[in-house]
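Colleague: Sharing a structure, written as structure tokens. Questions coming.
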Amino acid sequence: MASGKENGYTELMLDYSIPSDADFFHFTSNNTIYGAQWQTLPTSKCPLICDMSSDIFSREINVSDFALIYAGAQKNMGPAGTVLYIVEKELLGKTGRNIPSYLDLSVHIDKDSMFNTPPVFAIYTSMLMLEWLKDLGGVKAIEKINNQKAELLYNEIDENPLFKGYAHVNSRSKMNVTFTLTDASFQAKFDEMWSKANINGIKGHRSVGGYRASIYNALPLSSVQALVNVMKELATVTA
Ligand SMILES: *Cc1c(COP(=O)(O)O)cnc(C)c1O
């Protein structure tokens, strides 16, 4: 086990090593609360298990490096209510203990993902989203756009003296950009300005404070530009 607790989860533990006799290595590829993301995904001889709920389909990954990938649909795939699993077949049936049938992936596979009544709306909407993504040029194309969005916003955070990034530069998320004001007395003004610009939901998670711009696949570059414009304007009106 490794923990980034000491540094407030702002930085990934990069000096980790995976014991060669480990049964598996589990990690979460992106932390939505603190805005930290694995820039380079680990590789290992032991089975890798990853919770990719918040950055699945946002960047190219080597799926075959993983024994198991799982992701809740509700960030980059579709509405809440369904989960995507990518699992290596050889891994199934090896828990070594009795587990509830619903938690056994082989049960779901045997029933063609219809062991329970499937949430058809969430699955259908996910299909439409995947078709949209495919038409756009696939993960490769959205990754390019995501990089542009993140670069635009982080550049403004770094250049504008009124703002400071929350996550460490080496761990910055391209999905959830966390930042604070350097002078809290500008908060009311900033909040009024972004709200007037029709920007919603950029208040930081309650456990962190500050601001968090979630710039998932669905958010266009123009929306990030709208926020950057407000940040620039704040610097002008408070100068
Ligand atoms: C979004 C997310 C959660 C929270 O799940 P919700 O059902 O959206 O509240 C938990 N874990 C990970 C890795 C996530 O990305």
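Colleague: In Å², and per residue, what accessible area does region 138-237 have when probed at 1.4 Å with the other protein chains present?
Modeller: Accessible area per residue, region 138-237: 50 Å².
Colleague: A further question on this structure: Expressed as a whole percentage, what fraction of the accessible surface of region 5-136 belongs to carbon and sulfur atoms when a 1.4 Å probe is rolled over the protein heavy atoms?
Modeller: Its accessible area is 55 percent carbon and sulfur atoms.
Colleague: Out of all DSSP beta bridges with both ends in region 1-84, state the antiparallel percent to the nearest 5. Display every interim value, and only then the final one.
Modeller: On the way: 4 of 11 bridges.
If we restrict to bridges inside region 1-84, about 35 percent are antiparallel.
Colleague: Still on this structure: Leaving out ligands, DNA and RNA, what percent of the accessible area of region 150-225 is carbon and sulfur, probe 1.4 Å?
Modeller: Of all accessible area on region 150-225, carbon and sulfur atoms account for 51 percent.
Colleague: Hey, got the dipole for region 5-136? About the Cα centre, +1 on K and R Cβ, -1 on D and E Cβ, debye to the nearest 20?
Modeller: Here the size comes out at about 240 debye.
Colleague: Give me the number: length gained by fully extending ASN147 to ASP135, i.e. 0.36 nm times residue separation minus the C-alpha to C-alpha distance, one decimal in nm.
Modeller: The span from ASN147 to ASP135 would gain 2.4 nm if fully extended.
Colleague: In addition: Where does region 5-136 land on Rg(C-alpha)/(2.2 N^0.38 Å)?
Modeller: Scaled against compact globular proteins, the figure is 1.16.
Colleague: Using Cα atoms only, what is the angle between the long axis of helix 120-136 and the major principal axis of the chain, expressed in degrees (0 to 90) to the nearest 10?
Modeller: With rounding to tens, the tilt is 70 degrees.
Colleague: Using the Cα centre of the chain as origin and beta-carbon charges of +1 (Lys, Arg) and -1 (Asp, Glu), tell me which of LEU68, PHE115, SER171 is placed farthest towards the positive end of the dipole.
Modeller: Positive-most Cα among the choices belongs to PHE115.
Colleague: Which of the listed residues, MET77, SER20, THR43, is farthest toward the dipole's positive end in the chain, when Lys, Arg count +1 and Asp, Glu count -1 at the beta-carbon?
Modeller: In the chain, that residue is MET77.
Colleague: Largest first, how would LYS232, LYS149 line up by accessible area (1.4 Å probe)?
Modeller: These residues rank, largest area first, as LYS232, LYS149.
Colleague: If you don't mind, there's one more thing I want to ask. Pop the C-beta distance of SER3 and GLU88 into the FRET formula with R0 = 30 Å and round what comes out to the nearest 0.05.
Modeller: On the way: r = 27 Å, r/R0 = 0.91.
Between SER3 and GLU88 the formula returns 0.65.
Colleague: What accessible area per residue, rounded to a whole number of Å², is obtained for region 5-136 using a probe radius of 1.4 Å?
Modeller: 63 Å²
Colleague: Just the number, please: percent antiparallel of the DSSP beta bridges in the chain, rounded to the nearest 5. Please report the intermediate quantities before stating the final value.
Modeller: Values: 16 of 23 bridges.
Rounded to the nearest five, the antiparallel share is 70 percent.
Colleague: By how many degrees, 0 to 90 and rounded to 10, does the Cα axis of helix 221-237 deviate from the longest principal axis of the chain?
Modeller: Roughly 30 degrees between the two axes.
Colleague: If you don't mind, another one. Dividing the convex hull volume of the Cα atoms of the chain by its residue count, what figure in Å³ per residue is obtained?
Modeller: Each residue corresponds to 150 Å³ of Cα convex hull volume.
Colleague: For helix 187-196, what angle does its Cα long axis make with the longest principal axis of the chain, in degrees from 0 to 90 and rounded to 10?
Modeller: Helix 187-196 and the main axis of the chain meet at about 70 degrees.
The values are calculated or read from the model by the stated rules, or taken from the named source; none is laboratory data. Source: prediction; values computed, not measured. FYI the Cβ positions are ideal-geometry reconstructions off the backbone, even for glycines, and counts take in every protein chain you see. These accessible areas exclude ligands, DNA and RNA; they are computed on the full protein's heavy atoms, side chains included. Shrake-Rupley method; radii C 1.70, N 1.55, O 1.52, S 1.80 Å.
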